[in-house]
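Mind looking over this structure? Questions follow.
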Amino acid sequence: MQKPETHIRQAHLPTPFAYRSMLEVEERRSQTPDLPHRHDYFTVIVVERAQGVHQIDFKEYTLRENTVYFVSPEQIHHLTVTEPNPRGHVILFRPDFLQQYSFSPSQLYDMDLFFNCDESLPLELTPDEINELLPLVRGIAEETRSERSQKWEAVGAWLKLFLLQCKRFKSDKKVLNKTWDNRQAEIVKQFKNDVELFFRKYHKVNEYADRQHLTANHLNDVIKSETGTSAKEFIQNRLALEAKRLARYSELNAKEIAYQLGYDDIAHFSKFFKKSEGMAFSEFRENAEP
């Protein structure tokens with residue numbers, strides 16, 4: 001059986017990499033109104049100064065100066081800028097771009113900058129930190145616009161340095177209540193990655209535990225200890241997020257959404273959705289803003 005079309009507007013990047021200033025983006029947007037959409041590429045928005053709101057999935061973030069916003073492929077987002085002359089930078093790259101320059105998807109995931117279904121927080125920087133980061137952004141911009149030989153290799157190098165510096169800033173800002181055991185950290189990391197890859201197929205904790213040759217109880221204990229959320233809740237949160245995305249931004253009915261998320265029984269899906277969101281699927285869709 002072929003999966004039904006979702007009809008969520010999907011933005012594609014015609015080239016592996018692109019750089020634009022926020023002002024350029026807003027000038028384009030004035031000609032073509034922007035609606036909530038999902039990308040097949042990564043987006044990084046570095047705000048120096050701007051006013052507005054950035055909606056990522058079902059959370060709204062006020063645009064703040066000296067802040068970096070990260071959006072992963074498949075996340076649904078919508079940027080509304082209310083200031084006439086925003087100052088900032090938009091970096092776009094397809095998943096295969098960094099792979100060309102010896103930077104694997106697992107390394108990108110390990111940086112913990114882009115989407116995890118339990119965290120999608122912007123990176124707020126001090127004036128000194130943004131001043132450290134901006135030369136790397138300018139390096140990316142200048143190489144992208146140049147006609148020099150091996151420009152894309154240079155862009156890839158600048159981008160890696162930029163992401164590494166963001167990772168350092170994020171690590172410095174984390175307040176750790178305890179020192180992570182390396183093995184536990186690896187279990188959490190692989191579990192989060194597996195959930196993102198397989199949430200439509202695997203709904204049970206033991207299915208993820210089997211992938212790491214662990215018992216379900218041990219996996220659950222580690223995830224609960226290190227994240228504050230049980231493994232079951234983490235899986236269900238990811239399923240609920242995708243269900244809400246499809247409910248609000250697609251034309252699929254409940255049965256079709258249930259099928260996309262791996263439920264053969266619509267009653268089982270309806271029960272799960274109501275327990276997760278506190279309302280029936282039909283009520284959520286009726287109350288959803290256009």
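The values are calculated or read from the model by the stated rules, or taken from the named source; none is laboratory data. In this text, all values refer to a predicted model and were calculated from it rather than measured experimentally. Here the Cβ is made from the backbone with ideal geometry for all residues, glycine too, and neighbour counts use every protein chain on show. Accessible surface is based on the protein model in full, side chains and every heavy atom, while ligands, DNA and RNA are left aside. Shrake-Rupley method; radii C 1.70, N 1.55, O 1.52, S 1.80 Å.
Out of curiosity, is R238 open to solvent by less than 80 Å² (accessible area, probe 1.4 Å) and touching a strand residue (DSSP E or B) at 6+ places or on another chain (Cβ under 8 Å)?
no
Next up: For residues that are of a type in the set (K, R) and assigned to a helix (DSSP H, G or I), scanning just region 186-211, find the one that is modelled with the highest pLDDT. Full working, then the answer.
Going through region 186-211, the residues of a type in the set (K, R) turn out to be 189, 192, 200-201, 204, 211.
If we keep only those that are assigned to a helix (DSSP H, G or I) too, we end up with 189, 192, 211.
Working: K189: 85, K192: 89, R211: 96.
Top of the filtered list is R211.
Kindly provide the set of residues from region 137-185 that are surrounded by 14 or more Cβ atoms within 10 Å (Cβ to Cβ) and modelled with pLDDT under 90, ordered by number.
Once the filter is applied, which keeps residues that are surrounded by 14 or more Cβ atoms within 10 Å (Cβ to Cβ) and modelled with pLDDT under 90, region 137-185 yields K170, Q184.
Where the second residue is surrounded by fewer than 18 Cβ atoms within 10 Å (Cβ to Cβ) and among the basic types (K, R) and the first is in the same structural domain as Q190 (by the TED database) and lies in region 231-246, which pairs have Cβ atoms under 9 Å and are six or more apart or on separate chains?
Final answer for the pair search is A231/K224; K232/K204; E233/K224; I235/K204; Q236/K275; L239/R200; E242/R200.
In the set P84, P33, which member is farther than 24 Å from Y249 by Cβ and modelled with pLDDT under 90? Quick ask: steps written out before the conclusion?
On the way: P33 fails: farther than 24 Å from Y249 by Cβ.
One residue alone meets the criteria, P84.
Would you mind stating whether H78 is within 24 Å of N237 (Cα to Cα) and either buried (at least 20 other Cβ atoms within 10 Å of the Cβ) or under 10 Å from the mean Cα position of the chain (by Cα) (or both)?
Values: within 24 Å of N237 (Cα to Cα): yes; either buried (at least 20 other Cβ atoms within 10 Å of the Cβ) or under 10 Å from the mean Cα position of the chain (by Cα) (or both): no.
The answer is no for H78.
In addition: Would a scan of region 204-211 turn up a residue that is under 21 Å from P36 (Cα atoms), open to solvent by 10 Å² or more (accessible area, probe 1.4 Å), within 24 Å of the chain's Cα centre (by Cα) and outside the structural domain of E74 (by the TED database)? Show your work before the answer.
The first filter runs over region 204-211 and keeps only residues under 21 Å from P36 (Cα atoms), leaving none.
No, region 204-211 has no match at all.
Considering each of E74, E48 in turn, give the residue that is of a type in the set (D, E), part of a loop (DSSP other than H, G, I, E, B) and either at pLDDT 85 or above or outside the structural domain of L239 (by the TED database) (or both). Don't jump to the end; show me each part of the working.
Numbers: E48 fails: part of a loop (DSSP other than H, G, I, E, B).
None of the others qualify; the one that does is E74.
While we're looking at this one, here's another question. Identify, by number, the condition in (1) among the hydrophobic types (A, V, I, L, M, F, W, C); (2) under 25 Å from Q107 (Cβ atoms); (3) in a helix (DSSP H, G or I) that F272 doesn't meet.
With (1) among the hydrophobic types (A, V, I, L, M, F, W, C); (2) under 25 Å from Q107 (Cβ atoms); (3) in a helix (DSSP H, G or I) applied to F272, the lone miss is (2).
Could you check how many residues of region 247-270 are of a type in the set (A, V, I, L, M), open to solvent by 20 Å² or more (accessible area, probe 1.4 Å) and in contact (Cβ under 8 Å) with a residue 24 or more places away in the chain?
Taking region 247-270 first, the residues of a type in the set (A, V, I, L, M) are 247, 252, 254, 257-258, 261, 266-267.
Then drop every residue that is not open to solvent by 20 Å² or more (accessible area, probe 1.4 Å), which leaves 254, 266-267.
Applying the additional criterion that residues be in contact (Cβ under 8 Å) with a residue 24 or more places away in the chain yields 254.
The total comes to 1.
Is it the case, given these coordinates, that D221 is farther than 17 Å from F70 by Cβ, among the acidic types (D, E) and either open to solvent by 20 Å² or more (accessible area, probe 1.4 Å) or part of a loop (DSSP other than H, G, I, E, B) (or both)? Full working, then the answer.
On the way: farther than 17 Å from F70 by Cβ: yes; among the acidic types (D, E): yes; either open to solvent by 20 Å² or more (accessible area, probe 1.4 Å) or part of a loop (DSSP other than H, G, I, E, B) (or both): yes.
Spelling it out, D221 is indeed farther than 17 Å from F70 by Cβ, among the acidic types (D, E) and either open to solvent by 20 Å² or more (accessible area, probe 1.4 Å) or part of a loop (DSSP other than H, G, I, E, B) (or both).
Conditions first: (1) touching a Leu at 6+ places or on another chain (Cβ under 8 Å); (2) of a type in the set (G, A, S); (3) within 20 Å of R38 (Cα to Cα). A240 passes all but one, so which condition is the exception?
Unmet for A240, out of (1) touching a Leu at 6+ places or on another chain (Cβ under 8 Å); (2) of a type in the set (G, A, S); (3) within 20 Å of R38 (Cα to Cα): (1).
Now a separate question. State yes or no: is E226 farther than 27 Å from F284 by Cα and crowded, with 16+ Cβ neighbours inside 10 Å?
On the way: farther than 27 Å from F284 by Cα: yes; crowded, with 16+ Cβ neighbours inside 10 Å: yes.
For E226, the condition - farther than 27 Å from F284 by Cα and crowded, with 16+ Cβ neighbours inside 10 Å - is met.
For a quick check of your reading of the model, give me the residue pairs whose first member lies in region 156-171 and is farther than 13 Å from L113 by Cα and touching a residue at least 24 places away in the same chain (Cβ under 8 Å), whose second is of a type outside the set (A, V, I, L, M) and loosely packed, with under 15 Cβ neighbours inside 10 Å, with beta-carbon atoms closer than 8 Å and at least 6 apart or on different chains.
G156/Q100; G156/Y101; A157/Y101
Which condition number in (1) within 14 Å of the chain's Cα centre (by Cα); (2) not hydroxyl-bearing (S, T, Y); (3) not in a strand (DSSP E or B) is the one that V68 fails?
Unmet condition: (3).
Working only within region 51-70, note down all residues that are modelled with pLDDT of 90 or more, out of contact with any Gly (no Cβ under 8 Å at 6 or more places or on another chain) and aliphatic (A, V, I, L, M).
V53, V68
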